[in-house]
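Working notes, structure below.
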Amino acid sequence: MVLQRQASLEEDPLELLELPVPEPRPDEVRIRVTVCGICRTDLHVVEGELPAHKLPIIPGHQIVGMVEKLGSKVVNWSGGERVGVPWLYRTCGECRFCRSGRENLCDNPWFTGYDADGGFAEYMVAPADFVYRLPANYTDVEAAPLLCAGVIGYQALQATGLQSQGKLGLFGFGSSAHIVIQVARHRGLEVYVVSRTEKELALARELGAHWTGRIDEDMGAFLDAGIVFAPSGELLVEALKKLDKGGRIVSAGIYTTPLPGFDYSLIYPEKCLTSIAHTTRENVKRFLEIAAELKIKTQSNVYDLDDANIALLNIKRSKVSGSSVLRVG
Ligand SMILES: [Zn+2]
Ligand SMILES: [Zn+2]
């Protein structure tokens, strides 16, 4: 499913095309894709909230498939192994961020389905050092949402600083939040979930939310930390209003609408508003281990590859809860 030109999803911008099977470069592997999860970032790439890096482009960055062909220099994989490919496609390895363990902030990164063709396709190539073994206790469909929704949710949870106790707010309850709530509950955190849709609130209650409601409702308590998943600057400011002293709001999105002006009291005393960006390979590996250990469950709406436009539109219109996954091979 190829994006030739960024456009509103109402115009069915992704097109089913026949393309040559890609050949791996010396340090790459070719993957026969079985499923690819959908992320809100794909929506921003397709509709143009994120400027295009490469057109045409095949989106998709929560890929599960089988290694099919090895580049001439690849020694760490063999044919037939199941692997996952996330958003971080490749880093430069040379900038000061790469050299200090913060490759998520690399000066010259490539992202899957943005700078390089992704997983809304039967085949893709990826650098051998940037693909991952997946936990054996997950099917392909179950594993796909771990790769971005799960990893980014986990990274946001780490950024809140909450370990074993406290009140955590989740603002927006889509693919990422329905995974992170399970990690948070396992840590013993009390979780407060804000969403506009009853479907999402119902799923949050099912997964152990202590409180669920809309942003204008009284939570009955102030939060130690919150993670904002919805791409709304207004919601970020509203989330700050729910914060206790010394609390922290983490924005998990790659894009958000502008923030309205707000009173200093929303970040005083010692309240913090921050964001997380991309991820490191280390984080991906760590989260995949945690998911396997905690038996994190993912719930997905499964679509055929050629229904990618509909699947994305349903996310845009908040018509589905949990994750969405395209079945490819
Ligand atoms: Zn993503
Ligand atoms: Zn770098």
For segment 82-100, indicate whether the set of residues that are more than 13 Å from ligand 1 (Cβ to nearest atom), under 18 Å from Ala144 (Cα atoms) and not assigned by TED's automatic domain parsing to the domain that holds Ser176 is non-empty.
-> yes
Which listed residue, of Ala126, Ala121, is within 16 Å of ligand 1 (Cβ to nearest atom) and either under 22 Å from Thr41 (Cβ atoms) or of a type outside the set (Gly, Ala, Ser) (or both) = Ala126
Output for segment 187-228, where each listed residue is in contact (Cβ under 8 Å) with a residue 60 or more places away in the chain and within 20 Å of Ser300 (Cα to Cα) = Arg196, Thr197, Lys199, Glu200, Ala202, Leu203
Looking only at segment 277-329, which residues are under 13 Å from the mean Cα position of the chain (by Cα) and among the aromatic types (Phe, Trp, Tyr)?
-> Phe287
Taking the stated definitions as given, is Glu68 surrounded by 14 or more Cβ atoms within 10 Å (Cβ to Cβ) and over 23 Å from Glu18 (Cα atoms)?
-> no
From the residues in segment 96-111 that are polar (S, T, N, Q) and farther than 20 Å from Ile63 by Cβ, which one is farthest from the chain's Cα centre (by Cα)?
-> Ser100
Residues satisfying the stated conditions in segment 89-122, i.e. within 8 Å of ligand 2 (Cβ to nearest atom), of a type in the set (Asp, Glu) and part of a loop (DSSP other than H, G, I, E, B) = Glu94, Asp107
Would segment 280-303 turn up any residue that is over 25 Å from Cys106 (Cβ atoms), surrounded by 15 or more Cβ atoms within 10 Å (Cβ to Cβ) and not assigned by TED's automatic domain parsing to the domain that holds Val131?
-> no
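Taking segment 237-296 as the search range and keeping residues that are of a type in the set (Gly, Ala, Ser) and in a strand (DSSP E or B), which one is nearest to Val194 (Cα to Cα)?
Ser251
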Please work out if Val45 is under 22 Å from the mean Cα position of the chain (by Cα) and within 13 Å of ligand 1 (Cβ to nearest atom).
-> yes
Quick one: would you say Ile254 is in contact with a His (Cβ under 7 Å, 6 or more places away or on another chain) and either within 21 Å of Gln158 (Cβ to Cβ) or among the charged types (D, E, K, R) (or both)?
-> yes
Given the conditions (1) at pLDDT below 95; (2) crowded, with 23+ Cβ neighbours inside 10 Å, which single one is not true for Val228?
-> (1)
Exactly one of Asn314, Asn309 is in a helix (DSSP H, G or I), assigned by TED's automatic domain parsing to the domain that holds Tyr132, in contact with a Ser or Thr (Cβ under 9 Å, 6 or more places away or on another chain) and not aliphatic (A, V, I, L, M), and that residue is Asn314
Confirm whether Ala184 is in the same structural domain as Lys316 (by TED's automatic domain parsing), within 25 Å of Tyr255 (Cβ to Cβ), of a type outside the set (Phe, Trp, Tyr) and in a helix (DSSP H, G or I).
-> no
If you go through Ala221, Ala204, the only one that is in contact with a His (Cβ under 8 Å, 6 or more places away or on another chain) and among the hydrophobic types (A, V, I, L, M, F, W, C) is Ala204
Do we have any residue at all in segment 37-53 that's part of a loop (DSSP other than H, G, I, E, B), away from ligand 2 (no atom under 16 Å from the Cβ), in the same structural domain as Phe130 (by TED's automatic domain parsing) and of a type in the set (Asp, Glu)?
-> yes
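The values are calculated or read from the model by the stated rules, or taken from the named source; none is laboratory data. If you're wondering where the values come from, they're calculated on a predicted model, not measured in any experiment. Reconstructed Cβ throughout: ideal geometry from the backbone, glycine too, with neighbour counts over all protein chains shown.
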